[in-house]
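Enquirer: Have a look at this one.
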Amino acid sequence: MKLLMSLFFVLNLMGSKVEFIGKSYIVYDHINDYVVESYNEGHIQSVASISKIMTAVLVIENMDLDKEITVDHTIDKAYGSCVYIHINDKITIQDLLYGLMLRSGNDCALMLAKATAGSVEKFVKMMNDKAQELNMVDTSFSNPSGLDEEDDGNLSTVKDMALLYDYCSSNPVFNEIVGTQTYRRLDGKGTWHNKNRLLKEYEYCVGGKTGYTKKAKRTLITRAVKDNNDLIIVTFNCGNDFEFHQEKYEECFDHYEHVTLFDKGVRSIDGELFFFEDDLGIHHYHDENVSYQLKDDQLLIYINQQYVRKVSLQKYHFTDVLQMIFRDMLDV
């Protein structure tokens, strides 16, 4: 019984009807950069193929997607989920990226790593360097694919993986790839369908990545956008993960509201003048209390007296208003 309780947890948060049975999960607000809710968010484990998110974004940031490469013996170490490219095949980086993210091709992961960094080992170092840059403090990468049978695999938490996906979601190329349901290879050698069922089954889903190994069990990360709400959900070892993601999104969307703390322009806080280029607001549940505190030109935002977000403020200068007016004129 203790073992079962350590593996499975049923959450009924704030009267929620959405039941979670799994190891850990998180709901992360992409717009406002804070954790909406979570369970066991610090739990570290192998994350399986959702680690390919890191592989994809590094390739996108460092490679020409039109570049054509020749498949070599790097793929000899690929097993499990593959798209079955062959040695001496000529294929573009773009095709490999779609094979990586739609079909979770481990062969694609190895070839992309080799093409980007010169070797798989050097690419793994790039992955860990990027994780440090993104403050993924509980994450370590061992390979570009997520396989964990021969080593510890890629270790992380739902919190760190949400931070990674939050970063990736600012890249339009990444969003285009993960939001694609069906992709026809540029070389004409086949069509790939996305393993992320929510893209087809849930109208507000805009992307994500699936994962599974015997060690990690099911891992899933998705993103959904509705009106002014933009959320990321990550789950570990959740048997009904697709259903949970959809139901949790609906729960959050139904109970969310947006409050504007400061309109754009010059605003006074504790007797000091600050300039806001855009409206500053936050999303929260209807019955939650939002407050803030000014400290050293930074606005600390709290929900129900719990810290959720820090915003660096810009002291007011008379030229700021002129620049804002000029910018607005150009936008018209």
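Enquirer: Only one of Lys125, Lys130 is assigned to a helix (DSSP H, G or I), more than 25 Å from Asn196 (Cβ to Cβ), under 24 Å from the mean Cα position of the chain (by Cα) and at pLDDT 95 or above. Can you tell me which? Quick ask: steps written out before the conclusion?
Expert: Working: Lys130 fails: more than 25 Å from Asn196 (Cβ to Cβ).
Going through Lys125, Lys130 in turn, just one is assigned to a helix (DSSP H, G or I), more than 25 Å from Asn196 (Cβ to Cβ), under 24 Å from the mean Cα position of the chain (by Cα) and at pLDDT 95 or above: Lys125.
Enquirer: Can you report the number of residues in segment 197-246 which are under 16 Å from the mean Cα position of the chain (by Cα) and among the basic types (Lys, Arg)?
Expert: Residues in segment 197-246 being under 16 Å from the mean Cα position of the chain (by Cα) and among the basic types (Lys, Arg): 2 in total.
Enquirer: Counting only residues that are at pLDDT 90 or above, surrounded by 15 or more Cβ atoms within 10 Å (Cβ to Cβ) and of a type in the set (Gly, Ala, Ser), how many does segment 263-282 have?
Expert: 0
Enquirer: Right, next: Assuming Gly239 fulfils every condition listed in (1) open to solvent by less than 80 Å² (accessible area, probe 1.4 Å); (2) in contact with a helix residue (DSSP H, G or I) (Cβ under 8 Å, 6 or more places away or on another chain); (3) closer than 30 Å to Asp152 by Cβ apart from one, which condition is it?
Expert: Failing condition for Gly239: (2).
Enquirer: Restricting attention to segment 283-299, which residues are on the phi < 0 side of the Ramachandran plot and at pLDDT 85 or above? Spell out the reasoning first.
Expert: Of the residues in segment 283-299, the ones on the phi < 0 side of the Ramachandran plot are 283-295, 298-299.
Result: Asn289, Val290, Ser291, Tyr292, Gln293, Leu294, Lys295, Gln298, Leu299.
Enquirer: Does segment 205-213 contain at least one residue that is out of contact with any Lys or Arg (no Cβ under 7 Å at 6 or more places or on another chain) and assigned to a loop (DSSP other than H, G, I, E, B)?
Expert: no
Enquirer: Report, by residue number, each residue of segment 20-36 that is acidic (Asp, Glu) and at pLDDT below 90. Talk me through it step by step, then tell me what you get.
Expert: Residues of segment 20-36 acidic (Asp, Glu): 29, 33.
Selection gives Asp33 alone.
Enquirer: Give segment 147-200 a look and list any residue that's open to solvent by less than 10 Å² (accessible area, probe 1.4 Å), of a type outside the set (S, T, N, Q) and not in a helix (DSSP H, G or I), or say none.
Expert: Asp148, Gly153
Enquirer: Now a separate question. Report, ordered by the first and then the second residue, all pairs with beta carbons closer than 8 Å, sequence separation of six or more or different chains, a first member in segment 76-90 that is farther than 17 Å from Arg185 by Cβ, and a second member that is open to solvent by 100 Å² or more (accessible area, probe 1.4 Å).
Expert: As it stands, the answer is Ile87/His73, since those pairs meet every condition given.
Enquirer: Now for a different question. If you check Tyr302 against the conditions, is it open to solvent by less than 70 Å² (accessible area, probe 1.4 Å) and either part of a loop (DSSP other than H, G, I, E, B) or at pLDDT 95 or above (or both)?
Expert: Numbers: open to solvent by less than 70 Å² (accessible area, probe 1.4 Å): yes; either part of a loop (DSSP other than H, G, I, E, B) or at pLDDT 95 or above (or both): no.
Judged against the criteria, Tyr302 is not a match.
Enquirer: I would also like to ask the following. Counting only residues that are under 30 Å from His258 (Cα atoms), give me the strands (runs of 3 or more DSSP E) lying completely in segment 31-120 with at least 3 of them.
Expert: Working: elements: 34-39, 68-70, 90-92.
The qualifying strands (runs of 3 or more DSSP E) are 34-39.
Enquirer: Kindly check whether there is at least one residue in segment 51-71 that is at pLDDT below 95 and crowded, with 21+ Cβ neighbours inside 10 Å.
Expert: First, pick out the residues of segment 51-71 that are at pLDDT below 95: 71.
Then keep just the ones that are crowded, with 21+ Cβ neighbours inside 10 Å; that gives none.
Taking every residue of segment 51-71 in turn, none turns out to be at pLDDT below 95 and crowded, with 21+ Cβ neighbours inside 10 Å.
Enquirer: State which residue pairs qualify: first residue open to solvent by 10 Å² or more (accessible area, probe 1.4 Å) and inside segment 93-122, second residue among the acidic types (Asp, Glu) and part of a loop (DSSP other than H, G, I, E, B) in any location, beta carbons under 7 Å apart, and separation of 6 or more residues or different chains.
Expert: From residues that are open to solvent by 10 Å² or more (accessible area, probe 1.4 Å), the pairs are Gln94/Asp66.
The values are calculated or read from the model by the stated rules, or taken from the named source; none is laboratory data. Every value quoted in this text rests on a predicted model; they were computed, and no experiment measured them. Positions of Cβ are backbone-derived with ideal geometry, glycine not excepted, and every protein chain shown enters the neighbour counts. Calculation scope for accessible area: heavy atoms of the full protein, side chains included, ligands and nucleic acids excluded. Shrake-Rupley method; radii C 1.70, N 1.55, O 1.52, S 1.80 Å.
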